[in-house]
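Report on the structure given below.
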Amino acid sequence: MFHLLRQYTRWLHTGWPAGTVEKLPVVQPDGTTNVPGLHIVGDLAGIPLLKFSADTGARAVRQIHADAEFQKRRLGAPPMGTPSGAAPLDLLIIGAGVAGLAAALEARKLGLRFAIIESSEPLSTLVNFPARKPIYTYPTEMTPAGDLTLTATVKEALIDELRAQTIERGIEPHRARVEFVRRAGPELEAVVADGPPIRAHRVIVAIGRSGEFRRLGVSGEELPKVYNRLHDPHDFAGQQVLVVGGGDSALEAAIALADSGASVTLSYRNAEFTRPKPENAAGLQARPQIRVLLGSRVERISDKTVSIRNAGGQNIDLPNDAVFTMIGRSAPLDFLRRSGVAIAGEMTARSWAPFAAFMAFCVFLYHWKKSRAELPIYHWFESRRWFPFNMPDLWAAVGDAAQQTGHILHVLANATKQPGFYYTLAYCLCVVIFGLQRIRRRKTPYVRLQTYTLMAIQCLPLFILPEIVLPWAGENGWFSGGGLGGWIGANLFPNGEYWRAYGLILAWPLFIYNVFTDQPLTAWLVISFLQTFVIIPLLIYYYGKGAYCGWICSCGALAETLGDAHRHKMPHGKFWNRLNMVGQAVLAFVTLLLLLRVAAWIAPGTPIADVYRALLGRIPFVNYEYLVDLVMAGILGVGCYFWFSGRVWCRFACPLAALMHIYARFSRFRILADKKKCISCNVCTSVCHQGIDVMSFANRGLPMADVECVRCSACVQMCPTGVLSFGQVDPKSGQVIGRDRLAASLVQLTENGRPISR
């Protein structure tokens, strides 16, 4: 049984890649951070592209210069002194890479009093690349903001080109190491090792991901023959060399060493390469003299040998003269933490307190919404007649007067006596307000149409129709007597239960209450069956699970609007992928309830009926209605929005999503990838609030088939090189059938001659 479950979960989801997301600072599009006056630009802002680095550096300086408060502080300031002078600078730039030099050029152009600090040497990242390394200046058609241009395509030529535009024209970095940045009254102060602090009105951090080199964690790693960088491969001609890693740097080093006459072994921990550029992967295949050990791990490094555990679990000892650990560097998180900059996805003591407070508020809110007034605090509020627990007497009087004429005010007066009215109204306002912000933030036709659709469905059939229109129609006799109106009233809204109209949009098993009734409501059973087992499967077959989750569902509406700015906080990795299976357990539970419900209809008054009622709602605090509908979907689902993304409920526990995952395994929908453009920046994975490792598909050129996808388009829209697009693939042949016409990529829009403002 366990083996079958394991096979099922692997088939459904856990067989897909589960990459993680590197911890980076929380940076807004204009470079601002949670620390007022401190901006982060370049690679550290999330996109490892030289042109984007130059662009972010220049734009950050322009944004600073345009700030009215900044200009006010500059008035009457003394002339610029040295970096250690008493007068605060207008701007301090930390880091003299491409982003920092672009910022310095723009600062000089705008007449700012600035200094640029570098701990090693200007352009140190480029300088430390292997000799004659090809440089890819993607996107080729992009012209960065500012005056720094990048045209050369080889390391040495590019360095010469950049130095000619900056160092040789008077942009002189000062050699110093900044330990952290702190507030010093109205200014910021950079604390410098072995030197006086430097004060400035604004600070730009452009140090790249220049933290510590990642370590293997094995004995012998400290030996002098172990290197983190390859400067000149010719120095190792004729030697036995081990290269560790599976990215572009590792493959480029292995190729360069082999071409220089070294005997090269390449060790990579995974079973296949997923990150390198196509030309690097092809270059490796074209050099059979390079020994490739996939699924292997370095166990020990000694003076003359290295010990490696291969994919079969056996240890092999290889003669060795040099080891290159090309496994990357971690971001300078300690520097950022000391400076008070928030790290994406990192919970601190200061963030746990508001999270706990908001979760407590959600406990209060959802118990009140469900009219569960067992807790004393509700009685305390009600005794003081505080809005919105009891409406003012004046409003009640207006409602009573309006009742005489059947006026809609009477309907509103009755509706406002229910907690659910205020909750749904607030829900709609959040979807609309934050939806408009999403449209301004993500300027694509896809996002615009999707967000307007979500707003319309949430406000009309999920609020105005059940809360106002249907009650008003009922009070005016539309659903009484014979004819179609009477049939609708008797079969869809018995006893004036107009809230059942939610079932027109929210399908079973997300909305269970039109199916789990004391007596079967045949009309709703037919509607629910058609929704869940006919309409939704057809939508998913052609357009993927996101056709419902991302375009129709009310949970998705709030997640794509209120939760849009927090999507990067979703946890990634194998553990979280396994946790997705909670939804399958919830689906099994609700399916069991359905079977018990049908059995109880057939045999009422039997123990089966008692078991059904107990599991659905009779046992306090441990029944389906309380645990799933109130706690999981409500308290945890919304309570986690601002700390763990808005899709916690949708991803991990929603039973309808769990059912749609099964449908999605047979869908034609895919996210298509242009492998040649992929730079393995991991932006697509980091913005996926379903935890999908999108990059693992993209950099192999494979259509993304993970069933979790909700078509939010964030990965497509945020991709800096326009790699991704929505489309359809024949499930049998694997051939691409077509691509979506509704544009979701900013880069592709620009390439097609439709420029989008940043």
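Positive contributions from Lys and Arg (+1) and negative ones from Asp and Glu (-1), summed over other residues with Cβ under 15 Å from the Cβ of LEU510, come out at +2. For the set LEU627, LEU49, the ranking by accessible area, highest first and with no ligand, DNA or RNA atoms included, is LEU627, LEU49 under a 1.4 Å probe. Between ASP30 and LYS133, full extension at 0.36 nm per residue minus the direct alpha carbon distance yields a gain of 33.9 nm. So what's the net charge close to THR14: Lys and Arg +1, Asp and Glu -1, counting the other residues with Cβ under 14 Å from its Cβ? Taking every other residue near THR14 into account, the sum is +3. Listed peptides 262-275, 642-655, 602-615 appear in the order 642-655, 262-275, 602-615 once ranked by packing, highest mean of other Cβ atoms within 10 Å at the front. Label segment 96-250 by shape, choosing from rounded, prolate and oblate, from the square roots a ≥ b ≥ c of the eigenvalues of the Cα gyration tensor; if a/c is under 1.5 it is rounded, and otherwise prolate applies when a/b is larger than b/c, oblate when it is not. Here segment 96-250 falls in the oblate category. Each Cα pair under 8 Å and six or more residues apart adds its separation to the average, and for segment 449-599 the resulting relative contact order is 24 percent. Report the local net charge at GLU346: Lys and Arg +1, Asp and Glu -1, summed over other residues whose C-beta lies under 13 Å from its C-beta. Result for the local shell: +2.
Peptides 497-505, 567-575, 4-12, ordered by how many other C-beta atoms sit within 10 Å of their residues on average, highest first, read 497-505, 567-575, 4-12.
Per-residue SASA remark: ASP317, around 100 Å² accessible (1.4 Å probe; ligands, DNA and RNA not included). Helix 50-66 and the long axis of the chain differ in direction by around 70°, with both axes built from C-alpha atoms. Test of understanding: extend the Cα→C-beta vector of LEU425 to 7 Å, then name every residue of segment 477-521 with backbone N under 13 Å from that spot. Zone members listed by number: none at all. Summed over qualifying helices (DSSP H, 4 residues or more, each -39500 (n - 2.57)) and divided by its residue number, the chain shows a 222 nm mean residue ellipticity of -11000 deg cm²/dmol.
Of all lysines in the structure, the ones whose alpha carbon falls short of 27 Å from that of LYS443, not counting any fewer than 8 places away in one chain, are LYS23, LYS51, LYS545, LYS569, LYS675, LYS676, LYS677. Among 181-192, 322-333, the peptide with the highest mean count of other Cβ atoms within 10 Å heads the list, and the full ranking is 322-333, 181-192. On the beta carbon distance between PHE529 and ALA87, with R0 = 60 Å, the FRET formula returns roughly 0.20.
Summarising the label geometry, the points placed 7 Å from Cα in the beta-carbon direction at ARG291 and THR522 lie 7.7 nm from one another.
For the chain, the longest principal axis of the C-alpha atoms and the axis of helix 248-259 are separated by about 30°. Take the Cα of ASN270, step 7 Å along the line toward its Cβ, and report every residue of segment 20-62 whose backbone nitrogen sits under 11 Å from that point. Within reach of a label on ASN270: 20. Roughly how many percent of the accessible protein surface of segment 247-379 is carbon and sulfur, given a 1.4 Å probe and a whole-percent answer? For segment 247-379, the apolar C and S fraction of the accessible surface comes to 53 percent.
Using the 1.4 Å probe convention, the accessible area of segment 230-336 works out to 44 Å² per residue with neighbouring protein chains retained.
Any chance you could give the angle, 0 to 90 degrees and rounded to 10, that helix 582-602 forms with the longest Cα principal axis of the chain? The helix 582-602 is inclined about 10 degrees to the chain. The figure for TYR227 is an accessible area of roughly 80 square angstrom, using a 1.4 Å probe on the protein chains alone. Only Cα pairs under 8 Å and 6+ residues apart enter the sum, and on that basis the relative contact order of the chain stands at 12 percent. Stretching the chain fully between HIS3 and ILE408 yields a gain of 139.8 nm (0.36 nm per residue, less the alpha carbon separation). Averaged over its residues, segment 501-614 has an accessible area of 41 Å² per residue, based on protein heavy atoms and a 1.4 Å probe. Between the beta carbons of ALA282 and LYS72, assuming R0 = 41 Å, the FRET efficiency works out to 0.10 to the nearest 0.05.
The values are calculated or read from the model by the stated rules, or taken from the named source; none is laboratory data. Nothing here was measured: the structure is a model prediction, and the numbers come from that model. Because the Cβ atoms are built from the backbone with ideal geometry, glycine has one as well, and the counts that use them run over all protein chains shown. These area figures cover heavy atoms from the full protein model, side chains too; ligands, DNA and RNA do not enter into them. Shrake-Rupley method; radii C 1.70, N 1.55, O 1.52, S 1.80 Å.
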